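Everything on this sheet refers to the single structure shown next.
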Amino acid sequence: MEMESAGPSAKREQLAAPAIHGNPLLPVVATGQAKNLEPAVAERSQEPPPGAEEDEEESLDHISRLPDHVLGEIISLLTIMEGTRTQVLASRWRHLWRAAPLNLDFSGLPASNSMLPSRCAVVNAILAAHQGSGRRLCLPARHLQCGADAVDVDVDAWLRSTALDNLQELEFYFCCAKHCDPELVIEALLPPPASIFRFSSTLRAATIGNCCLVDDTVETLRFPHLRKLALMCVKISEVSLHKIISSCPGLECLLLSTVIYLRSRGAPRLETLSCVN
């Protein structure tokens, strides 16, 4: 009887032993435990590793992969407020605005109030911080000569700022009103600051309004790259007008609006001048 009882026991040990050593036919209990662990393992496997979300965002940000000079051109097409905000997008963008061609539109700045610095103070800060060249300057002087911002404005210093070097587009109105009544302001029109013409060699487009362009100043001007020119409510002699036009060999578009012609030393008897298309 002892021999018979020993036989079945030995057989059971032989059958159980392979299960312990990793036989694919696992015992029922072990298999059940594995099934219970499967959801947890699967859940952990779906969790992204640390930093994976940031890597995914960077992989989707194709614009930041563009060269600096291309990003700078994009920024220069934005308004001044939008351009400065690009500095907080990411560390990649932090230095780009300061080096991008400057697009400074004075009328696009927020109005001054007790909570915000004056527009003039903002312009001073922008010109001081910017390290690149200039692309566009829009300076409607109605903001300079009307209201609280008119105090202690040094327009000439702004125009001489190195932040505006190589300027390509200029829009400058010297009197309060952008569109003036010649009968009311003809005696008040003054020559613009001489520094406005320091960009003549690089300008592609220029609008000059509400001022007087004198012969001595115009005689020395050259606009080799100017394609678009607008003179709005400007006092100028016929000789100077022809001189400006002849100094723009690449001129494609000329707009004359409310031009007041002065008697010229070269044509003292001139009283009228007609412009036709």
Of those in region 87-105 that are at pLDDT below 80 and in a helix (DSSP H, G or I), the residue nearest to residue 164 (Cα to Cα) is 87
Of the candidates 186, 208, the one satisfying the condition of being at pLDDT 90 or above and either touching a helix residue (DSSP H, G or I) at 6+ places or on another chain (Cβ under 7 Å) or under 14 Å from residue 234 (Cβ atoms) (or both) is 208
Restricting attention to region 187-206, the residues that are farther than 20 Å from residue 133 by Cα and touching a Lys or Arg at 6+ places or on another chain (Cβ under 8 Å) number exactly 1
Checked region 128-140 for anything within 21 Å of residue 193 (Cα to Cα) and either surrounded by fewer than 19 Cβ atoms within 10 Å (Cβ to Cβ) or of a type in the set (S, T, N, Q) (or both); matches are 128, 133, 138
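The values are calculated or read from the model by the stated rules, or taken from the named source; none is laboratory data. Please read all numbers here as calculations on a predicted model, not as lab measurements. Note that each Cβ is placed from the backbone with ideal geometry, even for glycine, and that neighbours are counted across all protein chains shown.
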